[in-house]
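The values are calculated or read from the model by the stated rules, or taken from the named source; none is laboratory data. A quick note: this is a predicted structure, and the numbers were derived from the prediction, not measured. All Cβ positions, even for glycine, are placed from backbone atoms using ideal geometry, and neighbour counts span all protein chains on display.
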């Protein structure tokens, strides 16, 4: 993963809340990504920036056993090894992967490539990847942003949604997320604090994938949309696990929390709410974006 101090410091401190509050990945898009990676449970898989192991568990559930993890945050690695004591895990980064050349069938990166989307990382990933291997990238996202701006000519597969005539992935995402204005309002406000951070939602990670020495341009992307229910009292707790909020001074975090709670009071409609076991839940959509990278051949 990244040597970005904001990422490492925040994940060192919030790894326990991250494990509790961050969502996993929906099975349909995981299955589609595994399919496009053309890997089987017998394949060797390197997971970069595995965090607390949310995507790792999805691989284990599908029978994968040849998994190696590289994670730069000591806190995240502590949580990971506690949950997965039998998986080979290393403290390290995408800039210095402790594996031999041509040693893995696939590399997967969940919710992290935006932190290290540069030529140096791609070179190191290409070094450890076999010539016929592939790289899988996947993210969850909360609202419509530049992250969904797919290049012209790229094939798009939708799960849980259909594109209307002439609709781009950005159009589809805007249409789906507009059904719950409370989520858009809160997401846009909280994410305004991450404007100087290299996040998925900014879409700048796409630039290196269009033109680099080691991997071919993106050919296909998958977008998945799932209706989810967020506990009313967990909305800020979820956003507090994001690096750019974790890094704020305590007084500023409390200010953000108060504003989020105010937005919830003023933008949540009765139709957004449901109750279960005495707790209030808010309906919204979660999106996921996955794609596969194919390596260029060495001369």
Seminar exercise, completed: Going through (1) at pLDDT 95 or above; (2) not in a helix (DSSP H, G or I) one by one, residue 151 fails only at (1)
For this session: Could you tell me whether any residue of region 226-237 is in a loop (DSSP other than H, G, I, E, B) and either under 17 Å from the mean Cα position of the chain (by Cα) or at pLDDT 95 or above (or both)?
Result: no
Problem set entry | Verdict on residue 228 being surrounded by fewer than 19 Cβ atoms within 10 Å (Cβ to Cβ), within 21 Å of residue 111 (Cα to Cα) and touching a strand residue (DSSP E or B) at 6+ places or on another chain (Cβ under 9 Å) | yes
Problem set entry | Hits in region 97-147 - residues which are assigned to a strand (DSSP E or B) and over 11 Å from residue 48 (Cα atoms) | 104, 105, 129, 130, 131, 132, 133, 134, 138, 139, 140, 141
For this session: Taking only region 35-58 into account, find how many residues are part of a helix (DSSP H, G or I), touching a strand residue (DSSP E or B) at 6+ places or on another chain (Cβ under 8 Å) and over 20 Å from residue 91 (Cβ atoms).
Result: 2
Exercise. Quick one: is residue 140 in contact with a strand residue (DSSP E or B) (Cβ under 7 Å, 6 or more places away or on another chain), farther than 30 Å from residue 106 by Cα, at pLDDT 95 or above and surrounded by 17 or more Cβ atoms within 10 Å (Cβ to Cβ)?
Worked result: no
For this session: For region 157-183, name all the residues that are in a helix (DSSP H, G or I) and farther than 24 Å from residue 113 by Cα.
Result: 175, 176, 181, 182, 183
Problem set entry | Any chance residue 195 is without any contact (Cβ under 8 Å) to a residue 40 or more places away in the chain and either touching a helix residue (DSSP H, G or I) at 6+ places or on another chain (Cβ under 9 Å) or more than 15 Å from residue 268 (Cβ to Cβ) (or both) | yes
For this session: Please specify each residue of region 144-183 satisfying the condition of being closer than 15 Å to residue 229 by Cα and in contact with a helix residue (DSSP H, G or I) (Cβ under 8 Å, 6 or more places away or on another chain).
Result: 177, 180, 181, 182, 183
Problem set entry | Check on residue 258, in a strand (DSSP E or B) and either in contact with a helix residue (DSSP H, G or I) (Cβ under 7 Å, 6 or more places away or on another chain) or without any contact (Cβ under 8 Å) to a residue 24 or more places away in the chain (or both) | no
For this session: Just one of (1) loosely packed, with under 13 Cβ neighbours inside 10 Å; (2) under 30 Å from residue 273 (Cβ atoms); (3) in contact (Cβ under 8 Å) with a residue 24 or more places away in the chain trips up residue 162, so point out which.
Result: (3)
